[in-house]
């Protein structure tokens, strides 16, 4: 008897399954696939709970980003997954989960701050599972050093949780490539087991304040560890973090208690800027501005004693435009490059204004200064309608929904712009529910990836192992090699293209035979025409090149992941079968794409209920048929037709 119906709205099938695994661990129940569920929408039983996996946001008749925006969220962005509960005709969002297997350092560290703040504003608990201890690799995949986030970033979650009386928290786990020494150092602040208790309590509707406080303390302890381990004293230290967290006015506290922590950010050298911007940056740098807790972040607070000088300087520097500020509150500047040298959006920069807002709240006004070389049409769109631009672009949305003022001084814009904004960011205190609708899907590349994953994952009993699954929105966290069922090696920090020109696959499957391994290297797209010419050769080149290098991490059945410290690793003899996967059109196209892509096989999916997998392979690759016959037995909703 089903007594609870949950849905996981995920960025992709991997994020859905990660969330399912957390639910499974929280309730100590093994997920059992409901055999009658469609292969593109797997459904599981966890004891007496049904859990539906909806991979790919915004394509199931529900757009959670619109629902959050309507309830006070600032961004039309999604977390990696949302867990909701269905009751009769109503669906209620319980909590959001975010995952980060990439190195949480540099500007990547604050890339998710907007999602965190948006969730906190709408009152949805936001659990950010971040890995710590990952290592940076050089161009030869040699280990350089571990990388860590600036402590201000996890601390901003604590500030937001306190201000908004919400739960918005980083929860740290060990990165696969962590060293034993670092594991021991951070063991007391790892929070996975506490996170599982929290998840169980939220789903059951029980009070979780006690375990939430434990996780808050662990996050604060992590902040202090990160700060104290920095080579230079360029951030707050020790109990200063606790005092700032408890302060009633964060800006006043920072200005009064950090006289030696002067803002000293360097400008980016890769991006062209205007002479006026250089003068502006140098002027502000001379003010000895306060920081938000770290010297080298692109956010600073103008000293009250310099406000009049700053205003006068702006009027002289930009005489054609009228720049005025409300003097009733302090002014903080967020320096946003925003655009890469070729004019493309810099995705991490959309997290800068949320970071400033999470640290300073309403204790300060925010001025965003945007200097990057955006493509000229961006400025035309801004001039015509900033509101429409914000609705279409995540970077502009984060700026225009959180800043009081925007100043644009870019080398690709002939004009200078100053824009003042009336902000409305009051937090939502109501539970977010919406009308439950049975899912109807608009098929996409997500379904190709979901079915491939369903085919080959969790098949160790057949000596079939999933080494990589990288659907749209995946994090490229690594490719594994199973030396045997209980020994796994892993290459992390994967480049999209190898130095020898190989293309990273979307899926890698390993079939262990008696004396050798067979790897399926799969590129998945929605349409066959989207496959690259000669992709089959490039898929093989990538794996061959990767296997020439040493792995980054290793684990055995008896031990957790650790940094691989060996000097050699020998793979068994292996072969690679290259496969292109996409939505079925006709058999003629399958022959065309196999030849154009120099592929060994084609998987073409005719979506429906049931779904048909059309298979075409070279005469010498009969092995593919044998493999598919084995894995098909567990999927009632899939038919296979070999051409």
**Prompt:** Relative contact order, percent, of the chain when contacts are C-alpha pairs under 8 Å separated by at least 6 residues?
**Reply:** 13
**Prompt:** Based on the Cα gyration tensor of the range 395-467, what are the three equivalent ellipsoid semi-axes, each the root of five times an eigenvalue, rounded to whole Å and given largest first?
**Reply:** 46, 24, 13
**Message:** Restricting to Cα atoms and excluding each atom paired with itself, what does the Kirkwood estimate give for the range 4-246 in Å?
**Reply:** 18.9
**Message:** Compute the helix-to-body angle for 192-204: its Cα long axis versus the longest principal axis of the chain, expressed 0 to 90° and rounded to tens.
**Reply:** 90
**Prompt:** Mind checking the angle between helix 535-548 and the chain's longest principal axis? C-alpha axes, 0 to 90 degrees, to the nearest 10.
**Reply:** 80
**Message:** Taking a ≥ b ≥ c as the square roots of the Cα gyration tensor eigenvalues, with a/c under 1.5 meaning rounded and otherwise prolate when a/b beats b/c, else oblate, which class fits the range 226-338?
**Reply:** oblate
**Request:** Mind pulling the per residue volume of the convex hull built on the Cα atoms of the range 306-404? Å³ is fine.
**Result:** 115
**Neighbour-count ranking [beta-carbon atoms within 10 angstrom, fewest first] of 139, 283, 15, 548** = 139, 548, 283, 15
**Item:** the chain - mean residue ellipticity at 222 nm from DSSP helices (-39,500 (n - 2.57) per run, n ≥ 4, rounded to 500)
**Value:** -9000 deg cm²/dmol
**Fill in**
The computed P(r) of the range 445-642 puts the percent of Cα pairs beyond 25 Å at 33
**Request:** Please report, largest first and rounded to whole Å, the three semi-axes of the ellipsoid equivalent to the range 254-420, where each semi-axis is the square root of five times an eigenvalue of the C-alpha gyration tensor.
**Result:** 24, 17, 16
**Message:** Counting other beta carbons within 10 Å of each residue's own, what order do 274, 92 fall into, fewest first?
**Reply:** 92, 274
**Prompt:** Relative to the longest principal axis of the chain, what angle (0 to 90°, nearest 10) does the C-alpha long axis of helix 587-596 take?
**Reply:** 70
**Message:** Pairs of alpha-carbon atoms within less than 8 angstrom and 6+ residues apart define the contacts here; what relative contact order does the range 254-420 have, in percent?
**Reply:** 22
**Complete:** Kirkwood Rh over alpha-carbon pairs of the chain plugged into Stokes-Einstein at 10 °C, 1.306 mPa s gives a D in µm²/s of 60
**Message:** Taking 8 Å as the Cα distance limit and 6 or more residues as the minimum spacing, I'd like the relative contact order of the range 216-349 as a percentage.
**Reply:** 20
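With a ≥ b ≥ c taken as the square roots of the eigenvalues of the C-alpha gyration tensor of the range 143-212, please select rounded if a/c is under 1.5 and otherwise prolate if a/b is larger than b/c or oblate if it is not?
Taking the square roots of the gyration eigenvalues as a ≥ b ≥ c, the range 143-212 is oblate.
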**Request:** Sort 453, 175, 461, 617 so the one with the fewest other Cβ atoms within 10 Å of its own Cβ comes first.
**Result:** 461, 617, 453, 175
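Coordinate-derived values only; no laboratory data. Keep in mind it's a predicted model, so treat the numbers as computed, not measured. Cβ sites come from the backbone with ideal geometry, for glycine too, and all protein chains shown count toward neighbours.
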